[in-house]
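One structure below.
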Amino acid sequence: MGKSEGQILRLKQDIATRWNSTFYMLDQFVKLSAHVNNVVIKFPQAPPMLTASQLQEVIEIIALLRPIESTTTETSGSKYITCSKIIPLVHCLESHLDAANPTFEISINLKRKLQEEVHKRFSKIEGVTILATATLLDPRFKKLHFKDPLLCSQAIKNIASMMRELNEDEGISIAAADNLEVNISQNEKFDLWSHHKQLVATRIHASIMDNTEVPNELTQYFVSPISPLESDPIQEWDKLKVLYPTLHKISMKYLPVVVTSVPSERLFSKAGNIITEKRNRLTGKRLSKLIFLNSITESQWGL
């Protein structure tokens, strides 16, 4: 079709040990289905091509798997904050699955199974202390994605307790806070985060802080506007640390937590590419330096 070498599409095969490989295989097949059909029809011994109805089933399956692929990709990053994204991502994923409207039996069953598995694995995600604390201390999310008022209140109490411990030596007083409501605005855009952006734009979340005494600093943080989704929470906290010095210390403890093993697995893969049969006498010290040099981007090299 006149495409350059880098733009040529090829069929993909799923691999049992590769996340989302079945999704990539089906998605690529649908893109190339017309070309595959033109080739298969010329060879009597070739496998039968999918019918139009079967192809539509595959399209519905792809639509159900796409949010899963986007979620796993989003949480596998190593160059941005991921710990605070888990609770919002789970709720965005649930929203996309609920909104799906499959018509074929196979895709209807798949939707039901996906919803069951997501509920099974993540129904108590708000009760994970590290994730809940990181989410509350992320200026992009705060209390926006908490569905369970009790778990949210407990996470806020934990933060307030940590603040009291940090403030004891400085003699900082703590005042009570009333129920809070975040006043925010942000442009909508349909993607994996559409549920989050809808919450932000329409302010449909409710205040879920109880009457427990909380530090004034924490109160002011929750009533301040939500930061844009595309912002970097570390940079946001660099701006906010003057206003919320105690919260800044706690946020720097929780936000950098890595939520998946993907970054470490990538590191092992890089090491495996460096240590080959012809370079099997590399010392650990030299290997560490080579891996470090390999991790530097072109912009950091000044290229």
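A short reminder: the numbers here are calculations on the coordinates, not readings from a lab. Just so we're clear, the structure is a prediction, and the values are computed from it rather than from any experiment. Counting neighbours? That spans all protein chains shown, and the Cβs are built from the backbone with ideal geometry, glycine included.
P(r) for the stretch 42-91: what percent of alpha-carbon pairs falls in each 10 Å bin, starting at zero?
Computed distribution, short to long bins: 20, 29, 21, 17, 11, 2.
Which lysines, on any chain, are close to residue 253 with Cα under 20 Å apart, when same-chain ones fewer than 8 places away are left out?
The qualifying lysines are 79, 85, 142, 143, 157, 239, 241.
With contacts defined as alpha carbon pairs under 8 Å and 6 or more residues apart, what's the relative contact order of the chain in percent?
On the way: 310 pairs, mean separation 54.4, N = 303.
Rounded, it is 18 percent for the chain.
For the stretch 215-275, run through the GluC sites (Glu not before Pro) and keep only the ones in DSSP coil with at most 13 other Cβ atoms within 10 Å of their Cβ.
On the way: sites: 217, 230, 236, 265; in loops: 230.
Within the stretch 215-275, the qualifying GluC sites (Glu not before Pro) (loop, at most 13 other Cβ atoms within 10 Å) are 230.
How would you rank 129-142, 76-89, highest first, on the average number of other Cβ atoms within 10 Å across their residues? Can you show the working numbers first?
Working: 129-142: 22.9, 76-89: 19.6.
Taking the mean over residues of other Cβ atoms within 10 Å, the ranking is 129-142, 76-89.
Over 37 Å apart: what share of the alpha carbon pairs of the chain falls there, rounded to a whole percent?
Working: 15748 of 45753 pairs.
Percent of Cα pairs beyond 37 Å in the chain: 34.
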